[in-house]
Amino acid sequence: MNAATSSAGNYRAGIIGLSGIAAGQGAAPAHPALGATQGGSHAAAYAQVPGVDVVAVCELKTELLDGFRTTWSDVWPEVNTYTDYKAMLREEGLDLLSVATSDHLHADMVVDAVAAGVKGIFCEKPLATTLADADRMIAACAEQGVPLSVDHTRRLRGSWLHLRDFLVREELGALRQVVATMTGQRAMMFRNGTHLIDMVCFLAGSGPEWLVAELADMHHDYGPAYAGDGGRNPDTDPGADVYIRFRNGVRSHISLTKTPESRGWVIDLLCERGRIRANDGGMEVWDDAGQRPLDAPTHTYEAQLAGIEELVQHLDARAAGREPPAPLISPATDALHTVEILLGILRSQHEGNRKVTFPLPR
């Protein structure tokens, strides 16, 4: 199992929001020979990166603050806890920040963090739930040169990156169509559906040109704006079917269907000379030679660890006066496409399932 690389400097990190994805300890290794526990949360990821210390966390629920102290006292015994994120930003001089709050609360925290001098930000998905929020987050970070990465997890896993490279090489010819499905109670547009839509964009290699969509029957009167509660209640976050044409000519049908039990999600990619079926369990190719697995590296990093290490590399490069080794894998500018698609779906339904073109009006 890979070890985290050392950073060039010592970085002070903070976390806003202490849900499971933010503060969970991560799974123990299956065998001592496999090495250290891998990051299954933001906190677990920070604990893996040399030269980075979580010095402060913020959460409104005091029981979650107490739980963080209990879970991580052996790693960060002197961590400071806050219920006011602005006070944390003002007092802690943070270099890195994870924003892991409810979906609709990210924008102010990111913008305020940039103003407070934070150098790199890792934000949970979706980037935002309105275009105005997404635009100001991106603008604030761009103005100060702050890398803003979004936790669209599959982008940060080796198997999905390998699939994207396979498509770019056009070993089966050009990609023509992507059919993606997700089922289960959490097949919610702004919650788990965000991951599926982002991965379709990532594999299509383009931004959307237009879409036509229909929400699930119970949400036909949902309205053109996000009306959820930050991702907690599935009833406030609809499922949907959407047909998207991307600017490079790729077409996609995405289905987010709420069912009593989850059957996960699957993506079928139709190319000129074959097709690929992909999910988190594996990837297979069908072509003239028959059916075969798409050999892909097994990821040893959880997404949060990869995303935080990537930000550290960008901060190290900036401190040394050089360019980072590569662009961010999951930049906020790409996450904006997903936000636009989500809001375009709502707009299409609200306006009688009409075609919605991009970019959406501001």
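Bear in mind these aren't lab numbers, they're just calculated from the coordinates by the rules spelled out. As the structure is a prediction and not an experimental result, all values here were calculated from the model. All Cβ positions, glycine included, derive from the backbone under ideal geometry; neighbour counts span all protein chains shown.
Angle of helix 303-319 to the longest C-alpha principal axis of the chain, folded into 0 to 90 degrees and rounded to 10: 60°.
Using the Cα centre of segment 149-202 as origin and beta-carbon charges of +1 (Lys, Arg) and -1 (Asp, Glu), tell me which of 174, 200, 189 is placed farthest towards the positive end of the dipole. Of the candidates, 189 comes out farthest on the positive side. Projected onto their three principal axes, the Cα atoms of segment 160-224 cover extents of 43, 24, 15 Å, largest first.
Gain in length, residue 360 to residue 60, computed as 0.36 nm per residue apart minus the alpha-carbon separation, to one decimal in nm?
This chain segment gains 104.6 nm when fully extended.
The long axis of helix 158-168 is offset from the longest Cα principal axis of the chain by roughly 40 degrees.
Quotient of the Cα radius of gyration of segment 85-142 and 2.2 N^0.38 Å, N being its number of residues: 1.02. Estimated from helices alone, the mean residue ellipticity of the chain at 222 nm is -9500 deg cm²/dmol (sum of -39500 (n - 2.57) over DSSP H runs with n ≥ 4, per residue). Put one equal scatterer on each alpha carbon of segment 88-207, apply the Debye formula with no solvent term, and list log10 I(q)/I(0) at q = 0.13, 0.18, 0.19 1/Å to two decimals. Here log10 of I(q) over I(0) equals -0.62, -1.00, -1.06. Net length available on complete extension from residue 292 to residue 266 is 7.7 nm, with 0.36 nm assigned per residue and the Cα-Cα distance removed.
Could you estimate the translational diffusion coefficient of segment 35-94 from the Stokes-Einstein equation, with Rh from the Kirkwood formula over C-alpha pairs, at 4 °C and 1.567 mPa s, in whole µm²/s?
Stokes-Einstein gives a translational diffusion coefficient of 106 µm²/s.
Shown here are the Rg and Dmax of the Cα trace of the chain, at 20.4, 62 Å.
How big is the C-alpha Rg of segment 261-362 next to the rule-of-thumb value 2.2 N^0.38 Å, as a ratio? Walk me through the numbers before you get to the answer.
Values: Rg = 19.5 Å, N = 102, 2.2 N^0.38 = 12.8 Å.
Rounded to two decimals, the normalised Rg is 1.53.
Put a plus charge on the Cβ of each Lys and Arg, a minus charge on the Cβ of each Asp and Glu, and nothing anywhere else: the dipole of the chain about its Cα centre is then about 720 debye.
The three principal axes of the C-alpha atoms in segment 198-241 carry coordinate ranges of 32, 22, 16 Å, sorted with the longest axis first. Helix 192-204 and the longest principal axis of the Cα set of the chain meet at an angle near 70°. Nearest-5 percent of antiparallel DSSP beta bridges in segment 142-272? Taking every DSSP beta bridge with both residues in segment 142-272, the antiparallel ones total about 70 percent. Relative to one another, the C-alpha centroids of segment 73-91 and segment 111-154 are positioned 21 Å apart. Amide H contacts under 5 Å for residue 283: 294, restricted to partners 5 or more places along the chain or on a different chain, H placed in the peptide plane at 1.01 Å from N. In segment 137-273, the C-alpha radius of gyration followed by the widest Cα-Cα span (Dmax) gives 16.2, 46 angstrom. Sparse packing (at most 11 other Cβ atoms within 10 Å of the Cβ) combined with a DSSP loop state is found for the following GluC sites (Glu not before Pro) in segment 50-99: 78.
Counted over segment 136-179 with a bin width of 5 Å, the fraction of Cα pairs per bin, in whole percents, is 5, 17, 15, 15, 14, 14, 13, 6, 1.
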